[in-house]
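Novice: Once you've had a glance at the structure underneath, I'll fire off some questions.
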Amino acid sequence: MVGPAGAGKNAIMNEVLQQLPDLHQVPTATTRPIRNTEKQGREHQFVSEAEFRQLDLIESQVVHNHLYGTPRVTIENAMHEGRDLIADIDVLGATKLHHSYPNNTVLVFVQPPSVDELIKRMGIRGETQAEIDTRLKRVEMEMEYAPQCDYLITNYHNQLTQSSAILYGIILAERSRRELNRLRIKTASLQDQAY
């Protein structure tokens, strides 16, 4: 999941995680401080900068003066075991992840209905005006990334249930498409063996 800070990615994701117990969040690594609503190893692996630099990461970015990255072992273990993962990753990191695993990555862009709504949400989250100003500097660049994604969710105020239902549907559709692709490969293989 990608999109600007405050668009509601984590709120949507958390709703869907409750509905799909076989879907797991990727705990990306970060050097930022843990928030009151977070738990070590669930949303993120909260590490020092020195620890961060020792990790084998698929991608890493500096976002709002903190380091973020996706641990390679987490992704590759899930792929090997056939487990579905979901993550909130910045647009630059998502590009690298998609480039590394193009057949195993689905990009869902979450956008707010307006920048004014985004600013309001950041304030509700308790961010200072300086933090909001820093985040707003990235909004235009992040919004330009939407056309490169596979799906778009506009997360309107007071419509978390609808936005979550859209993501839930995307996940089920992608699982169905994956199963159909497996069936096609199996069928093609059986036809090749018949000749």
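The values are calculated or read from the model by the stated rules, or taken from the named source; none is laboratory data. Quick caveat, the model's predicted, so the values are computed rather than measured. Counting neighbours? That spans all protein chains shown, and the Cβs are built from the backbone with ideal geometry, glycine included.
Novice: Which one of these does residue 60 not meet: (1) among the polar types (S, T, N, Q); (2) under 27 Å from residue 168 (Cα atoms); (3) without any contact (Cβ under 8 Å) to a residue 40 or more places away in the chain; (4) touching a strand residue (DSSP E or B) at 6+ places or on another chain (Cβ under 8 Å)?
Specialist: Answer for residue 60: the failing condition is (2).
Novice: How do the pairs read when you match residues in region 167-192 that are surrounded by 11 or more Cβ atoms within 10 Å (Cβ to Cβ) with residues anywhere that are in a helix (DSSP H, G or I) and not acidic (Asp, Glu), using Cβ under 7 Å and keeping only pairs 6 or more apart or on different chains?
Specialist: Every condition considered, the pairs that remain are 167/12; 167/16; 168/16; 168/19; 171/16.
Novice: From the list 117, 174, 127, 140, which residue is at pLDDT below 95 and closer than 25 Å to residue 26 by Cα? Reasoning before the result, please.
Specialist: Working: 117 fails: closer than 25 Å to residue 26 by Cα; 174 fails: at pLDDT below 95; 140 fails: closer than 25 Å to residue 26 by Cα.
The match here is 127.
Novice: With respect to the numbered conditions (1) loosely packed, with under 14 Cβ neighbours inside 10 Å; (2) in contact (Cβ under 8 Å) with a residue 60 or more places away in the chain; (3) not polar (S, T, N, Q), which one is the sole condition not fulfilled by residue 144?
Specialist: Exception for residue 144: condition (2).
Novice: Filter region 94-110 for residues that are in contact (Cβ under 8 Å) with a residue 40 or more places away in the chain and either of a type in the set (S, T, N, Q) or surrounded by 21 or more Cβ atoms within 10 Å (Cβ to Cβ) (or both) and give the result.
Specialist: Listed by number, the residues that qualify are 94, 95, 100, 108, 109, 110.
Novice: Same structure, new question: Could you identify the single residue in 71, 113 that is surrounded by fewer than 17 Cβ atoms within 10 Å (Cβ to Cβ) and touching a strand residue (DSSP E or B) at 6+ places or on another chain (Cβ under 9 Å)? Even if it seems obvious, please write down each step before you answer.
Specialist: Values: 71 fails: surrounded by fewer than 17 Cβ atoms within 10 Å (Cβ to Cβ).
Answer to the check: 113.
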